[in-house]
1. Which residues, counting only those in region 117-129, are buried (at least 18 other Cβ atoms within 10 Å of the Cβ) and either more than 13 Å from the chain's Cα centre (by Cα) or among the acidic types (Asp, Glu) (or both)?
2. Does any residue in region 30-42 that is farther than 16 Å from Met90 by Cα come within less than 9 Å, Cβ to Cβ, of a residue that is in a helix (DSSP H, G or I) six or more places away or on a different chain, and which pairs are these?
3. Which is over 20 Å from Ala186 (Cα atoms) and assigned by TED's automatic domain parsing to the domain that holds Val180, of Ala146, Ala88, Ala83, Ala155?
4. Does Val109 fit the bill of being in contact (Cβ under 8 Å) with a residue 60 or more places away in the chain, buried (at least 16 other Cβ atoms within 10 Å of the Cβ) and either farther than 18 Å from Ile162 by Cα or β-branched (Val, Ile, Thr) (or both)?
5. Working only within region 241-268, note down all residues that are among the hydroxyl-bearing types (Ser, Thr, Tyr) and buried (at least 17 other Cβ atoms within 10 Å of the Cβ).
6. Please go through region 1-29 and give me each residue that is in a helix (DSSP H, G or I) and either in contact (Cβ under 8 Å) with a residue 24 or more places away in the chain or under 16 Å from Val100 (Cβ atoms) (or both), ordered by number.
7. Is it the case that some residue within region 160-175 is surrounded by 15 or more Cβ atoms within 10 Å (Cβ to Cβ) and modelled with pLDDT under 95?
8. When you look at Gly97, is it in contact with a Pro (Cβ under 7 Å, 6 or more places away or on another chain), small (Gly, Ala, Ser) and touching a residue at least 12 places away in the same chain (Cβ under 8 Å), yes or no?
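The values are calculated or read from the model by the stated rules, or taken from the named source; none is laboratory data. Because the structure is predicted, anything quoted here is derived from the model rather than measured. We place every Cβ from the backbone using ideal geometry, glycine too, and count neighbours over all the protein chains shown.
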Amino acid sequence: MSIVEKGTLYVCATPIGNLGDITLRVLEVLREVDVIAAEDTRHSRKLLEHFGITTPLTSYHQHNEKGKSQELLRRLQDGESIALISDAGMPGISDPGYEVIHMCLEEKVPLDVLPGPNAGVTALVLSGLPSEHFLFHGFLPATQSARKRELEKYARLPFTQIFYEAPHRLVDTLNNMIEVCGDQEAAVVRELTKIHQTVHRGLLTKLLTEFQATPPRGEICLLLAPFKEQPVQGGPEDWKREVEEGIKQGHQPKEVMKYVAQKYGVSKRDVYQATLEGKGK
């Protein structure tokens with residue numbers, strides 16, 4: 001007996017690495033629906049071939065999401081059953097899916113969500129950071145200025161925060177977190193469920209040193225622990241003095257302030273303010 005209802009959209013979580021993590025229910029739905037809407041049909045075809053599934057595919061990605069959502073909605077209203085999948089994890093979570101889901105709810109088209117793998121929640125539990133309350137962000141902005149502005153909004157929140165990050169931006173992001181948040185506890189979780197899965201835990205400065213020495217590869221979840229006031233060694237006069245000495249030695253002011261902030265476990269903003277106040281005296 002089929003578990004698939006005609007005219008229904010099935011939002012299906014797919015493996016984030018290990019193919020064995022797919023659920024039996026998702027496999028059954030993928031076999032029985034009329035069509036599968038996939039973020040990358042080439043990528044998803046490999047998954048389907050692995051499980052011997054021959055259901056037709058159609059593309060549904062961030063560049064065609066609005067127009068394709070209208071097409072999928074019409075097909076659902078005509079009685080077709082459709083499964084929605086992304087390259088990995090749950091559609092709609094830092095992946096395409098919101099548009100067609102929202103349309104189905106507005107038009108009262110039947111909708112079901114089949115749970116399964118999710119990188120953010122898996123990384124949270126694996127990190128060992130507090131999980132009673134947490135905030136999921138997805139990807140931070142790609143540029144440093146926009147990323148720091150975004151981090152300013154969340155710098156002192158009292159619960160664990162989850163970010164996705166590209167490997168080539170991880171070092172810059174760790175630097176930005178130290179500048180904005182101070183030297184907080186954090187974790188970097190790489191290549192979840194894959195053979196090279198690793199978990200790196202410690203203060204942001206420790207993680208920064210580690211990944212400056214060995215540039216990271218693969219998919220990354222970056223988790224920031226609940227904010228804690230750091231015991232400050234020295235004070236504004238010490239920070240100002242070190243900044244002035246660094247500038248006298250020919251270093252750029254921004255780089256000197258970044259170094260001093262990391263050394264004392266304070267934000268770059270605090271060091272900058274101490275320097276300004278010193279000039280005003």
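1. Pro117, Ser127, Leu129 - these are the residues of region 117-129 that are buried (at least 18 other Cβ atoms within 10 Å of the Cβ) and either more than 13 Å from the chain's Cα centre (by Cα) or among the acidic types (Asp, Glu) (or both).
2. Sorted first by the residue in region 30-42, then by its partner, the pairs are Asp34/Arg75; Val35/Leu72; Val35/Arg75.
3. Values: Ala88 fails: assigned by TED's automatic domain parsing to the domain that holds Val180; Ala83 fails: assigned by TED's automatic domain parsing to the domain that holds Val180; Ala155 fails: over 20 Å from Ala186 (Cα atoms).
Every option except Ala146 fails the conditions.
4. On the way: in contact (Cβ under 8 Å) with a residue 60 or more places away in the chain: yes; buried (at least 16 other Cβ atoms within 10 Å of the Cβ): yes; either farther than 18 Å from Ile162 by Cα or β-branched (Val, Ile, Thr) (or both): yes.
Taking the combined requirement at face value, the residue satisfies it.
5. The initial filter retains those residues of region 241-268 that are among the hydroxyl-bearing types (Ser, Thr, Tyr), namely 259, 264, 267.
Correct list: Tyr264, Ser267.
6. Narrowing region 1-29 to residues in a helix (DSSP H, G or I): 19-21, 24-29.
Within region 1-29, Leu19, Asp21, Arg25, Val26, Leu27, Glu28, Val29 qualify.
7. Yes: one or more hits.
8. On the way: in contact with a Pro (Cβ under 7 Å, 6 or more places away or on another chain): yes; small (Gly, Ala, Ser): yes; touching a residue at least 12 places away in the same chain (Cβ under 8 Å): yes.
Judged against the criteria, Gly97 is a match.
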